[in-house]
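I have placed the structure first, in the form of structure tokens, so that the comments after it can refer back to it.
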Amino acid sequence: MQDEFSSIGKMLIFIGASIAILGFLIVFAQKSGGNGLFGWFGNLPLDIRINRENFRLYFPIGSSIILSIILSVIIGIINKFIR
């Protein structure tokens, strides 16, 4: 019973810290005008952008790949520390 509460507590602390870090990054990106820390995101070579007169298509393949790699590394590191 004690172990269950301990693991739930650790999970809640991790979720809270993750939300706080994400909030900080969003505020920091807004203050930098969008071209600072995250200015590269959405402008990578594999990001497809088609603009026509009445049609707009944006398909961020490159940004999705980079985001997937970064999140996989972060989750792998967290998984190493938890287990």
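Taken together, the residues in segment 15-41 that are modelled with pLDDT of 70 or more and either of a type outside the set (Phe, Trp, Tyr) or not in a helix (DSSP H, G or I) (or both) amount to 12. Out of (1) part of a loop (DSSP other than H, G, I, E, B); (2) modelled with pLDDT under 85, the odd one out for residue 79 is which? Checking residue 79 against (1) part of a loop (DSSP other than H, G, I, E, B); (2) modelled with pLDDT under 85, the one that fails is (1).
Annotation note: of 44, 12, 57, the sole residue that is modelled with pLDDT under 85 and assigned by TED's automatic domain parsing to the domain that holds residue 78 is 44. Residue pairs whose Cβ atoms lie under 7 Å apart, sitting 6 or more positions apart in sequence or on different chains, and linking a residue in segment 16-29 that is aliphatic (A, V, I, L, M) to a partner that is exposed (fewer than 10 other Cβ atoms within 10 Å of the Cβ), do not occur here.
The values are calculated or read from the model by the stated rules, or taken from the named source; none is laboratory data. None of these values were measured; they are calculated from a predicted model. All Cβ positions, glycine included, derive from the backbone under ideal geometry; neighbour counts span all protein chains shown.
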